[in-house]
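Everything below concerns the one structure shown next.
The values are calculated or read from the model by the stated rules, or taken from the named source; none is laboratory data. For clarity, every value in this text was computed on a predicted model and none was experimentally measured. A quick note on method: Cβ atoms are made from the backbone with ideal geometry, for glycine too, and the neighbour counts reach across all protein chains shown.
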Amino acid sequence: MLTRFLFPIITILSLVWPASGPSSAVRNRVEPAALPESEQVEFSVEFFPGSPHYVGDVLSARITYTGEGDMGGQEIQIALADEPEQVLDTASFSRFTNQAIFYWFLNTENSRPGHLRFTLEIPETNEKWGTGLNLLPNPDWREGAWDSVHTLCCTLHYITGTDSANDLLKLQQIVDERSAEALAQFFPDDPPDVSFFEEPLGVVLVPIVVGHGGFARDEAVMTYTERNWAGIDFEILVHHEIVHVIDRRVNTEGPRPSLLVEGIAVYYSGGHYRQGDPMLRAAALLEMDMYLPLTEITDDFYAAQHEIGYMQAAALVAYLEGILGREGYLDFYFNLPEGESPTAIISAGLEAYLGMDLAAVETEFITYLETLEPDDGIKDDVRLTVAVYDMLRRYQTIVFPSAHFRTAWWPPIEPMREAGIVGDYAFREKSPFDIIIENLFLEIHTSFETGDYLLIENNLAIIDDYLTTIETGNRPFSHYAIGWPLPKLPALPPHPGR
Ligand SMILES: [Zn+2]
C-alpha cells in the first residue's frame, strides 16, 4: 500500500532534507514500515490513516504477527525512537487475529515534516525494533469535521465538506423511509413508528470506500460519495445495514449464524448491491454451475465467494419464509438454539420447525430452484456481478489492502467523533492510477443499470490487464506503468467553427 507513493515521497524528501535525521539507507527503504532487523520479519506494521502521511494526521498503527507461535495476550509498546523511554501507547495482541492495534497514539500536529521513527517493543520477550514513516508538510486543503443531524429514526453522522453534507435533506428522507420499511418487516403485525427505538439508530456516512461500501456494528457505516466505485445502490445499502442494526437490537441473546444474518439483510433490502429477485438469481447460479453447497459455506460464510454466498443466503431466507410465513420465519430465526457450529445451529432450528436438517432442506431448495427459468439478462447480471466484485477486491488487495473487507481498517467511530478525529474515514488520496481504475468501475456500475454487459466485459478485461501489468512486472502503482491511458476524446472537426 505504501509503495505506490514512495517514489514521489523519496524524491521530495531527498531534495528537502538531504542530510538530517536517519541515514539515507533507511529513508530509501522500499517499504517505510519495513522492519530493519531480520528477527522481526514475523511482524508487519501498517500506519493509519494510509500514506501519504501529513503533519496533522492522528496516527494509529496495526501490528500483525505472521509467525507460527502464539502471540495472543502479549503486550507491545510503541515510542518515538528519539524518546524511547516515553511509551506512547501499549496494546495487546488479539488471540483471534494475532494483531495489536495502537489507536490514535500520536497527534502529529506539532511534529516536523520528515522521517518519523518509532521503536516497537514486546517487553515479555525483549524484542525491540524500529519502524517509521515519512511525514509531509501540513496541507491546507484537508478540512472536515464530524457533524450530525437527527431524523425521525436516526442520528445521521457525516463529515462537513463531503457529498453527504451537500445532499443531507435527501439522505434524511431516505433513512427515515427505509427504517420504517425495515421495522414493518420485523414487526409485520403491528409495525412500530420509526421512533420505536429509545436510542436513535446511528447512521454514519463516510466519503471513502471501505469493504464493499457498508458495514454495521452498533451503528451502520456506509459510503456516500458521487464517485462510489463500489457501485452499491445507496437506498439498498441503507436498508441492508439498518436491517443488521435492528436485528442486533431485537435479538440480543441467541446465536445468529452469518448465513442467515446476511440472508435476511439482502432479502429485506430487495437485493445485493442492486434490486433483484433472490430466487431467480440463485437459480441462475445453479444453472451456470456457480452454486456453492450451503452445507459447505455455512460454517465459514465470509470466506466463501462473497456475492454467491450473499445471493444464495437471500434465496434461502426467501424460500424458508415462503414455507413458514414472515412471522414463522422470524420466530425460527430469533429462537435458534445454541450449537457447536453455524450448521449445527441452523439444522437444530430447522428440525424443530420443519423436521429436517440443513442438508435435507437444501436438497428441496435446489429442487425448487431447478424449476425456475432465469432469463439471459439475469444470468449475465449474476455472472458479471461476481466477476466485477472479484476484480474490485483484487484491486483493493494490491492497492488498498486496508479497504478490502477481510483486512479492512475500520476503527470504531464513536471515539473518533468524541475526539474530533476524521482522518481515517475522511481522506484517501488518489493517484492518477487509482482514478483510471475507479473510472472503469464507475462505467461498469452504470452499465449494470442499462444492461450493457459487453461494456462490462470490456472494462473488466482492461482492468485485468492493468492489474496484471502491475502484479507481474513488479512495477509501482503508477499511470506511467500502464501507459498513461487517457480517456478517448471525441474527434474534433478539422476546421472548428465552420
Ligand atoms: Zn451485511
Does any residue in segment 206-235 that is closer than 24 Å to Arg394 by Cβ come within less than 7 Å, Cβ to Cβ, of a residue that is more than 15 Å from the ligand (Cβ to nearest atom) and among the polar types (S, T, N, Q) six or more places away or on a different chain, and which pairs are these? Pro207/Thr162; Pro207/Thr225; Val209/Asn228; Gly213/Asn228
Tell me which of these Val243 doesn't satisfy, since it passes every other one: (1) assigned to a helix (DSSP H, G or I); (2) out of contact with any Phe, Trp or Tyr (no Cβ under 7 Å at 6 or more places or on another chain). (2)
I want to confirm something. Restricting to segment 229-255 and keeping residues that are more than 11 Å from the ligand (Cβ to nearest atom) and of a type in the set (Asp, Glu), which single residue is surrounded by the fewest Cβ atoms within 10 Å (Cβ to Cβ)? Glu253
If we keep only residues of segment 357-400 that are acidic (Asp, Glu) and within 30 Å of Thr469 (Cβ to Cβ), then the residue farthest from the chain's Cα centre (by Cα) is Asp380
Name the single residue, out of those in segment 101-140 being in a strand (DSSP E or B) and acidic (Asp, Glu), that is farthest from Arg62 (Cα to Cα). Glu127
Let me spell it out: the conditions are (1) modelled with pLDDT of 95 or more; (2) closer than 24 Å to Thr223 by Cβ, and Ser179 meets all of them except one. Which number is the exception? (1)
Please work out which residue is farthest from His240 (Cα to Cα), limiting yourself to segment 261-291 and to residues that are crowded, with 16+ Cβ neighbours inside 10 Å and of a type in the set (D, E, K, R). Glu287
Looking at Asp176, Asp190, which one is of a type in the set (Asp, Glu) and not in a loop (DSSP other than H, G, I, E, B)? Asp176
Of the numbered conditions (1) surrounded by 20 or more Cβ atoms within 10 Å (Cβ to Cβ); (2) under 27 Å from Pro374 (Cβ atoms), Ser258 satisfies every one except a single condition; which is it? (1)
Mind listing whichever residues of segment 410-445 are of a type in the set (Gly, Ala, Ser) and either free of Cβ contacts under 8 Å to residues at least 12 places away in the same chain or surrounded by 18 or more Cβ atoms within 10 Å (Cβ to Cβ) (or both)? Gly423, Ala426
Note on segment 411-432: residues at pLDDT 90 or above and aromatic (Phe, Trp, Tyr) are Tyr425
Among the strands (runs of 3 or more DSSP E) confined wholly to segment 1-100, which include 2 or more residues that are of a type in the set (A, V, I, L, M, F, W, C), over 20 Å from Pro123 (Cα atoms) and modelled with pLDDT of 90 or more? 43-48, 58-65
Conditions: (1) touching a residue at least 12 places away in the same chain (Cβ under 8 Å); (2) over 18 Å from Asp375 (Cα atoms). Gln275 meets all but one. Number of the miss? (2)
Every residue from segment 256-267 that is in a helix (DSSP H, G or I) and more than 11 Å from the ligand (Cβ to nearest atom): Leu259, Leu260, Tyr267
Within segment 373-382, how many residues turn out to be surrounded by fewer than 16 Cβ atoms within 10 Å (Cβ to Cβ) and assigned to a helix (DSSP H, G or I)? 2
Looking only at segment 108-117, decide whether some residue is under 28 Å from Pro207 (Cβ atoms), out of contact with any Leu (no Cβ under 7 Å at 6 or more places or on another chain) and either surrounded by fewer than 18 Cβ atoms within 10 Å (Cβ to Cβ) or not hydroxyl-bearing (Ser, Thr, Tyr) (or both). yes
Matching residues in segment 202-226 - criterion: being within 20 Å of Met391 (Cα to Cα) and more than 16 Å from the ligand (Cβ to nearest atom): Ile208
With touching a His at 6+ places or on another chain (Cβ under 8 Å), closer than 15 Å to Glu362 by Cα and in a helix (DSSP H, G or I) as the only criterion, which of Ala283, Ala314, Ala344 stands out? Ala314
Please determine whether any residue of segment 137-152 is over 30 Å from Val238 (Cα atoms) and modelled with pLDDT of 90 or more. yes
Yes or no: Leu294 in the same structural domain as Tyr319 (by TED's automatic domain parsing), within 14 Å of the ligand (Cβ to nearest atom), at pLDDT 95 or above and surrounded by 22 or more Cβ atoms within 10 Å (Cβ to Cβ)? no
